[in-house]
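Report on the structure given below.
The values are calculated or read from the model by the stated rules, or taken from the named source; none is laboratory data. Quantities reported herein were computed from a predicted structural model and do not represent experimental measurements. All Cβ positions, even for glycine, are placed from backbone atoms using ideal geometry, and neighbour counts span all protein chains on display. The protein model used for the area step is the full one, side chains on, heavy atoms only, and it has no ligands, DNA or RNA in it. Shrake-Rupley method; radii C 1.70, N 1.55, O 1.52, S 1.80 Å.
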Amino acid sequence: MKLLLYLLSLFIILISQNLVNCENYYLTEWDILAPFPSAPREDVDVLNCYGGIDNIPIGDNSTYISELVNGARVGWNHYTTNVDGMVNLNFSNNVNWDLINNWAGSSGTYFSGWGISTFSLNTSETILVTCSGIAKFWIDSTVMQGDSYGLGLQFNSIQLSSGTHQLKVRIIGSEAASYQCEIITTKEEQSIFIVYENTIVPDIVDNEFSSPFISISVLNILNQPISGMISLEPLTDEFQVSLIESPLPQEINYIGPGQLIPVNFIVKTSNGSGLINCPSGTTYAFSMMVYPQSPQSKGELITLNFTCKSFGEPFTFTFQDFDLSIQYADAIPPNDIEGGISPTPVLFALHGAGVDAKSSAWTGAFQVQNYTWILLPTNRANYGFDWEEGGIKNGLMALDYLCNSLPGVPNNLKTKYQCDPYQLQVLGHSMGGHGSEHFATAISPDRVVSLSIAAGWIDMKLYSPNFLRVGYSWSNPMIRFILDSVVSQNDADFHSPHLINIPMIVRMGSDDDNVPPYHLRRMLRLYDQLTHNTSIGLISEIPGENHWFNGVVDDAIMQAFLSKYAISGIPLLPDRFLINCLNPGSFQGKGGVSIQQAINNFKASKIRVDKTNSLSSGIWSLQTENVKRFGFNSFNEKPNQVIIDGQKFNYIQLPSHYCTDGTKVKNNKKSGSSVVWSICNDGNDWMWSERSPLNSGPMVQILDYPILIVYGTIGSEQQTNQRQQSAVYLSNVLMYQMRYSINVLEDTQFTNDLFTTYNVIFMGGPQTNKAVYSIQSVLPSPIGFHGSSDNMSFSLNDDSNMFSGPSVGLLFLSSCYSPEAIMKITPKERYTQARQGCMLTVIEGTDTIGFQNSLFNFPTKSSFPMPDFMILGPNFGYQGVSGANALGFWDNNWQLSDLSYITSILNE
């Protein structure tokens with residue numbers, strides 16, 4: 001009896017410790033410490049003031065202050081879940097969510113906290129871990145990417161010793177949040193794991209692949225790199241597959257330990273005809289083995305499933321994106337080409353958050369248009385980047401591929417079905433509604449024939465109010481000004497003057513509690529005010545309807561609007577219009593006028609254009625503010641001559657442009673003085689030594705190109721391990737968020753010629769990263785590194801601004817080339833051995849905490865307020881941006897801009 005009781009008690013202990021002894025296991029025992037205040041795009045942990053989650057007692061009776069909770073004190077709670085491991089967080093007994101929601105809106109219900117669980121292993125082994133509903137978590141001290149959206153897209157691997165291990169999750173959520181963590185054991189001979197849910201294939205249209213590109217997702221579960229990447233072996237003779245060749249030399253082209261990476265290849269039929277017997281409405285499948293090349297081990301089987309369509313139905317095509325990854329989009333051909341114009345316009349339709357662009361729910365929401373292609377791009381993922389930065393660039397890449405290659409169009413119809421990527425009817429819903437406004441106002445208004453916005457938010461600061469940010473409490477107002485300047489480049493309301501000549505309709509339900517109707521009512525008011533016309537803006541607000549309803553994007557009202565402007569062409573410019581630009585790197589221009597460079601970066605640049613007398617004189621008058629360089633793109637309206645701030649010039653097109661050094665002259669008029677302008681005919685040579693649209697910043701712009709991550713190996717063993725793990729972690733974050741294709745290298749493998757293809761993120765500065773040590777001369781001169789790897793410090797502008805001690809972090813954006821050195825080599829050498837716009841980022845910290853804080857401040861989501869550089873103080877973890885020693889922007893010569901902030905005195 002005693003033995004039975006002993007065995008029973010031992011069994012209970014093993015279960016309570018989540019002992020892993022089967023193929024998969026959900027963690028069911030959790031200690032939870034929450035809710036604490038939080039805000040979107042901010043992760044401030046108030047517990048860091050008390051030593052952080054790793055240095056406070058777990059599961060005791062301690063309490064901590066939180067303004068969300070009745071009585072203001074929060075303590076630990078123990079949760080035991082069902083066998084499915086779903087942790088359903090419920091704080092309604094001590095949080096008045098209704099009161100908070102009524103005061104601050106849904107963003108007020110954001111909260112943060114921690115969940116702690118343990119599990120035990122009988123033997124040393126490699127396990128897979130996935131946590132859905134969580135952005136990041138740790139196994140012991142190793143940080144990992146979570147499956148935030150619960151889509152089954154993220155798995156992590158780690159090799160662990162026998163014994164007990166801790167899993168801690170960083171909880172960031174809102175009222176009624178939940179999460180779930182699963183541990184999966186691996187087979188001893190297994191070296192890779194294929195994430196089936198993250199596979200991209202084209203459709204088969206009229207018995208042919210619409211496009212040849214396919215991408216699967218492979219996780220390296222070994223504790224060593226897989227070099228030479230992957231081999232593929234179809235289990236049928238009907239198809240041939242070939243890997244898409246990487247620009248990297250084969251000897252450094254590998255998958256890092258624990259790295260999840262897309263493997264991209266091309267498929268074609270073996271018979272040479274390209275034909276596959278696959279009638280519409282059926283599916284086609286073929287299987288293949290996936291092998292790691294080195295070390296050689298057992299392969300994994302994957303079956304690729306293709307949907308078969310007839311031309312005229314919505315279909316999926318795949319293409320190579322700006323970062324060399326494979327992405328997909330859906331398209332719907334027009335119904336009646338003969339009655340329209342050739343090439344046809346494109347209805348550029350942007351989906352909302354969580355929507356799969358190829359789902360029938362989205363493609364089926366649109367009628368086939370008579371004269372217009374419909375393109376449904378992805379934003380790189382269901383959530384992606386809110387159609388900002390790489391998200392909207394992905395849409396433009398899909399557009400270019402559609403119109404240049406006509407995927408899915410039978411060869412005998414390609415001439416007939418050509419499309420025009422510069423005549424767009426732009427439409428979007430929810431997140432896509434924001435994307436449609438963003439594109440039409442802040443990206444490329446000159447391409448827009450008409451704009452249809454459904455349930456879209458216009459400004460992230462209105463949608464998720466900044467006043468909730470924990471880090472703003474102690475912040476200098478200058479900090480907020482700088483951070484606001486970063487994200488305002490995406491604000492549709494600021495850029496709304498560009499809509500002055502564009503037909504627009506706004507559509508929403510009057511009871512929308514997801515994106516309040518306030519947003520589009522406000523946009524409509526601004527639109528009417530631009531023309532001083534109280535009835536020019538069209539609104540379709542449906543009483544009683546919520547965020548999504550039948551016909552929200554394409555009922556009779558919306559279709560009538562689309563049909564009216566389908567073949568109307570780009571609208572004529574008004575006699576007077578205003579150009580607003582916060583970032584030349586994202587804004588392509590209005591009326592053909594493109595600002596190339598500001599005098600003071602991230603302060604508004606403006607050009608007032610008056611073409612009142614252009615019909616008789618052919619002259620446009622332009623008045624500028626904070627503009628250093630601008631020019632004209634090709635456009636269907638243009639002047640013969642321009643008068644710029646009172647000075648007359650002939651019309652020229654980019655790359656020739658108008659430029660000033662900022663010298664001012666007195667005017668005879670009351671307007672005072674104006675800058676002196678001239679014509680610069682050096683093409684784009686100035687872009688080698690100065691900031692341009694290719695590298696204007698902020699830091700997130702580095703992600704608009706192919707990326708390498710290079711980790712340092714010349715520091716201590718602990719520093720090297722952290723930098724390597726952080727490189728893999730960041731690669732996995734970007735793979736999850738935007739399906740980036742990123743290689744991770746160690747510093748000894750990096751050579752400068754890789755800059756010709758890649759932007760580079762360096763883990764570690766010159767004391768810990770050999771590659772950064774070798775290129776110190778290209779880094780912005782205001783940044784200084786001092787000391788050794790075990791006693792480093794940073795300086796800014798001069799040695800009087802020194803930042804040292806525990807937990808100090810640094811990250812900054814830089815050109816890949818020294819402006820002085822690049823101009824000393826010949827133009828031929830520059831264009832063959834270098835790349836205009838090349839950027840790098842360095843992430844460093846004086847210790848583990850400082851480095852981690854810097855890593856987590858790298859922008860991996862839209863509207864993340866990270867400028868060109870930031871030095872994070874020792875208390876940044878709980879103070880947020882108010883704990884920054886310095887932040888701001890570089891000027892056009894990579895020197896410290898006036899729009900920067902430095903302090904040596906922080907709250908303790």
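Can you sort Tyr50, Tyr25 by solvent-accessible area, 1.4 Å probe, largest first? Present the calculation step by step, with values, prior to reporting the outcome.
Numbers: Tyr50 120, Tyr25 35 Å².
I get Tyr50, Tyr25, largest accessible area first.
Give me the Kirkwood hydrodynamic radius of the stretch 699-902 in Å, from all C-alpha pairs, to one decimal place?
Details: mean 1/r = 0.0589 Å⁻¹.
Over the stretch 699-902, the inverse of the mean reciprocal pair distance is 17.0 Å.
Taking 45 Å as R0, compute the FRET efficiency from the Cβ-Cβ separation of Ser716 and Arg608 and round it to 0.05.
The calculated FRET efficiency here is 0.20.
Could you point to the residue in Cys659, Ser452, Gln293 farthest towards the positive end of the chain's charge dipole, with +1 and -1 charges on the Cβ of Lys/Arg and Asp/Glu respectively?
Among Cys659, Ser452, Gln293, the one farthest towards the positive end of the dipole of the chain is Cys659.
I'd like to check one number: the per residue accessible area of the chain, probe 1.4 Å, reported in Å² as a whole number. Could you put the intermediate results ahead of the total?
Numbers: 34720 Å² over 908 residues.
In whole numbers, the chain has 38 Å² accessible per residue.
Counting helices only, and only those DSSP H runs with n ≥ 4, report the 222 nm mean residue ellipticity of the chain as the sum of -39,500 (n - 2.57) divided by its residues, in deg cm²/dmol to the nearest 500.
Values: 16 runs with 145 residues, N = 908.
The helix contribution divided over the chain gives -4500 deg cm²/dmol.
Give the calculated FRET efficiency between Ile65 and Asn101 to the nearest 0.05, with a Förster radius of 22 Å applied to their Cβ-Cβ distance.
Working: r = 21 Å, r/R0 = 0.97.
With a Förster radius of 22 Å, E is 0.55.
In whole percent, and with a 1.4 Å probe on the protein chains, what portion of the accessible area of the stretch 833-882 is carbon and sulfur?
52
Take peptides 429-440, 190-201 and line them up by average Cβ neighbours within 10 Å, highest first, as a rough protection proxy.
So the peptides 429-440, 190-201, ranked by packing, come out 429-440, 190-201.
Over all directions, average the projected area of the Cα convex hull of the stretch 284-334 and note it in nm².
Numbers: hull surface 21.4 nm².
Over all viewing directions, the stretch 284-334 projects a mean Cα-hull area of 5.3 nm².
Given charges of +1 on the Cβ of Lys and Arg and -1 on the Cβ of Asp and Glu, with all other atoms neutral, how large is the dipole of the chain about its Cα centre, in debye to the nearest 20? Kindly include the intermediate steps, with their values, before the conclusion.
Numbers: 47 positive and 79 negative charges, 472 e Å.
Value, rounded to 20: 2260 debye.
I'd like to know how the stretch 609-767 sits against the 2.2 N^0.38 Å rule of thumb: what's its Cα Rg over that expected value? Provide the component values of the computation, followed by the final result.
On the way: Rg = 23.5 Å, N = 159, 2.2 N^0.38 = 15.1 Å.
It is 1.55.
How long is the gain from Met802 to Tyr26 if the chain were fully straight, where each residue apart is worth 0.36 nm and the alpha carbon distance is subtracted? Mind showing how you got there, number by number?
On the way: separation 776, 0.36 × 776 = 279.36 nm, distance 4.79 nm.
Full extension from Met802 to Tyr26 adds 274.6 nm.
Taking 0.36 nm per intervening residue step and subtracting the Cα-Cα distance, what contour gain separates Gln559 from Ser535 on full extension?
Values: separation 24, 0.36 × 24 = 8.64 nm, distance 2.01 nm.
Going from the current span to full extension adds 6.6 nm.
Would you check the accessible area of Tyr149, probe 1.4 Å, heavy atoms only, in square angstrom rounded to 10?
70
Which FRET efficiency value, to the nearest 0.05, is calculated for Arg73 and Asn636 with the Förster distance at 60 angstrom and r the Cβ-Cβ distance?
Values: r = 65 Å, r/R0 = 1.09.
With R0 = 60 Å, the Cβ-Cβ based efficiency is 0.40.
Spin-label point model (7 Å from Cα, Cβ direction): what's the Val83 to Ala176 distance in nm?
2.7
Can you pull the accessible area of His498 for me, 1.4 Å probe, Å² to the nearest 10?
Estimated to the nearest 10 Å², His498 gives 0 Å².
Share of the stretch 395-484's accessible area from carbon and sulfur, percent, 1.4 Å? Could you put the intermediate results ahead of the total?
Working: 1380 of 2680 Å².
The computed percentage sits at 52.
So who's got an amide H within less than 5 Å of the one on Trp373, skipping anything under 5 residues away but keeping other chains? H placed 1.01 Å off N, in plane.
Amide H to amide H, under 5 Å and 5 or more residues apart or across chains, Trp373 pairs with Leu347.
Put Ile158, Ile579, Ile567 in order of accessible area, largest first, 1.4 Å probe: what do you get? Numbers along the way, then the final one.
Working: Ile158 25, Ile579 0, Ile567 75 Å².
Largest accessible area first, the residues go Ile567, Ile158, Ile579.
Any number yet on Rg/Rh for the chain, C-alpha, Kirkwood? Spell out each step's value before the answer.
Values: Rg = 28.2 Å, Rh = 29.3 Å.
Here the Rg-to-Rh quotient is 0.96.
Hey, could you grab the Kirkwood Rh for the stretch 94-145? Inverse mean 1/r over distinct alpha carbon pairs, Å, one decimal. Working shown, then result.
Numbers: mean 1/r = 0.0690 Å⁻¹.
Evaluated on the stretch 94-145, it is 14.5 Å.
Can you pull the one-decimal nm distance between simple spin-label points at Asp511 and Ile341, each 7 Å off the Cα toward Cβ?
Each label point is offset 7 Å from its Cα along the Cβ direction, giving 4.2 nm.
Here are some pairs, Lys136/Lys393; Lys628/Lys824; Lys590/Lys628; Lys590/Lys611; Lys393/Lys824; which of them have Cα atoms lying more than 22 Å apart in this structure?
The pairs that break the limit, which is 22 Å between Cα atoms, are Lys136/Lys393; Lys628/Lys824; Lys393/Lys824.
Under a point spin-label approximation (7 Å from Cα along Cα-to-Cβ), what is the Trp138-Ile905 distance to one decimal in nm?
The modelled label-to-label distance comes out at 3.4 nm.
Sort out for me the Cα centre separation of the stretch 147-216 from the stretch 452-467, rounded to whole Å.
Here the two parts' Cα centres lie 31 Å apart.
For Lys606, what accessible surface area do you get with a 1.4 Å probe? Give it in Å², rounded to 10.
Counting only protein heavy atoms, the figure is 70 Å².
Evaluate Rg over Rh across the stretch 471-534, taking Cα atoms for both radii and Kirkwood's formula for Rh.
Working: Rg = 15.6 Å, Rh = 14.2 Å.
My calculation puts Rg/Rh at 1.10.
Leaving ligands, DNA and RNA out of it, rank Asp512, Asp682, Asp54, Asp356 by accessible area with a 1.4 Å probe, largest first. Please list the in-between numbers first.
On the way: Asp512 10, Asp682 70, Asp54 105, Asp356 40 Å².
Sorted by accessible area, descending: Asp54, Asp682, Asp356, Asp512.
Between the stretch 403-451 and the stretch 721-748, what's the alpha-carbon centroid distance in Å?
What the calculation gives is 33 Å, centre to centre.
Considering only protein heavy atoms and a probe of 1.4 Å, how much of the accessible area of the stretch 17-187 is carbon and sulfur, as a whole percent? Before the final figure, lay out each step's value.
Working: 3080 of 7020 Å².
Accessible surface attributable to carbon and sulfur in the stretch 17-187 totals 44 percent.
Provide, as a two-decimal number, the C-alpha radius of gyration of the stretch 771-887 over 2.2 N^0.38 Å, N being how many residues it has.
Numbers: Rg = 15.7 Å, N = 117, 2.2 N^0.38 = 13.4 Å.
Cα Rg divided by the expected 2.2 N^0.38 Å: 1.17.
How large is log10 I(q)/I(0) at q = 0.10, 0.13, 0.17 Å⁻¹ when the Debye formula is applied to the Cα atoms of the stretch 17-187, each weighted equally and without solvent?
Ignoring solvent entirely, the Cα scatterers give -0.38, -0.63, -1.05.
Which Rg and Dmax, in Å, describe the Cα atoms of the stretch 576-683?
Values for the stretch 576-683 (Cα only, Rg and Dmax): 13.0, 37 Å.
Given N residues in the stretch 468-620, what is its alpha carbon radius of gyration divided by 2.2 N^0.38 Å? Could the numbers behind the result be given before it?
Working: Rg = 19.0 Å, N = 153, 2.2 N^0.38 = 14.9 Å.
Normalised Rg, Cα atoms only: 1.28.
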